[in-house]
Amino acid sequence: MGPLEQEPEVQQALDELLDLLSEHETIKEFKRIQAKAQQNQHLKELEEAIKAAQKDAVQFAHYNKPEAEKQAIIRINELNKEYAEHPLVVAYREKLIEADDLLQHVTKRLQRQVNQAIEEEESNASKNEAYPNDGTVL
């Protein structure tokens with residue numbers, strides 16, 4: 001049994017946070033662009049062409065055909081450039097950065113709050129040790 005299964009209120013809070021994040025406009029926009037990019041036929045064709053050119057370059061290198069390998073590498077670079085400059089890829093990368101920034105912000109806030117709660121517990125625990133209930137000081 002994992003730690004979250006032992007803490008149902010923590011699991012519930014995590015589920016609520018994930019639901020809220022999935023409804024955040026930044027995440028929704030990222031998912032929308034991601035789906036469009038994954039379904040784009042031209043991008044799929046470019047990916048296949050890049051893989052084929054990479055395979056060709058490896059074969060040309062294996063069979064010691066340096067000029068053919070050089071041409072395959074030039075083709076790979078051209079295809080990679082076309083792929084990287086495609087508007088959907090550009091938009092995807094921008095939305096990925098925005099989504100990552102949002103998740104980093106949420107993560108840092110959670111870490112600060114958890115650390116603060118731990119420090120407060122430790123502080124309260126040490127105060128309780130220094131002044132026991134019977135009034136004696138340790």
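For the range 18-30, backbone phi angles converted through the Karplus equation (6.51, -1.76, 1.60; θ = phi - 60°) give residue-by-residue couplings of 4, 4, 4, 5, 5, 8, 5, 4, 4, 5, 4, 5, 4 Hz, Gly and Pro being listed as x.
A 1.4 Å probe run over the chain, with the rest of the protein chains in place, finds 79 Å² accessible per residue.
Stretching the chain fully between I118 and A35 yields a gain of 25.8 nm (0.36 nm per residue, less the alpha carbon separation).
The 3J(HN,Hα) values that the Karplus relation (6.51, -1.76, 1.60; θ = phi - 60°) gives for the range 38-44 are, in residue order, 5, 9, 6, 5, 4, 5, 4 Hz. Gly and Pro appear as x. Take the alpha carbon atoms of the range 24-90, find their center, do the same for the range 93-113, and report the distance between the two centers in whole angstrom. Cα centres, the range 24-90 to the range 93-113: 28 Å. Helical content of the chain, expressed as a calculated mean residue ellipticity at 222 nm, amounts to -30000 deg cm²/dmol (DSSP H runs of 4 or more residues, -39,500 (n - 2.57) each, divided by residue number, nearest 500). Here the chain exposes an accessible surface that is 53 percent carbon and sulfur, computed with a 1.4 Å probe and the other protein chains kept in place. Here the Karplus curve 6.51 cos²θ - 1.76 cosθ + 1.60, taken at θ = phi - 60°, turns the phi angles of the range 60-69 into couplings of 4, 5, 4, 8, 6, 10, x, 5, 5, 4 Hz, with x standing for Gly and Pro.
Of the options (1) 89, 37, 29; (2) 61, 30, 27; (3) 70, 33, 23, only one is Cα extents along the principal axes in Å as computed from these coordinates, and that is (1). Among the chymotrypsin sites (Phe, Trp or Tyr not before Pro) within the range 1-96, those in coil by DSSP and having at most 13 neighbouring Cβ atoms inside 10 Å are Y63. Take the Cα radius of gyration of the range 1-77 and divide it by 2.2 N^0.38 Å, N being the number of residues; the result is 2.00.
The values are calculated or read from the model by the stated rules, or taken from the named source; none is laboratory data. Treat the numbers as computed from the prediction; the structure is a model and nothing was measured. Backbone-built Cβ (ideal geometry, glycine too); neighbour counts: all protein chains shown. These area figures cover heavy atoms from the full protein model, side chains too; ligands, DNA and RNA do not enter into them. Shrake-Rupley method; radii C 1.70, N 1.55, O 1.52, S 1.80 Å.
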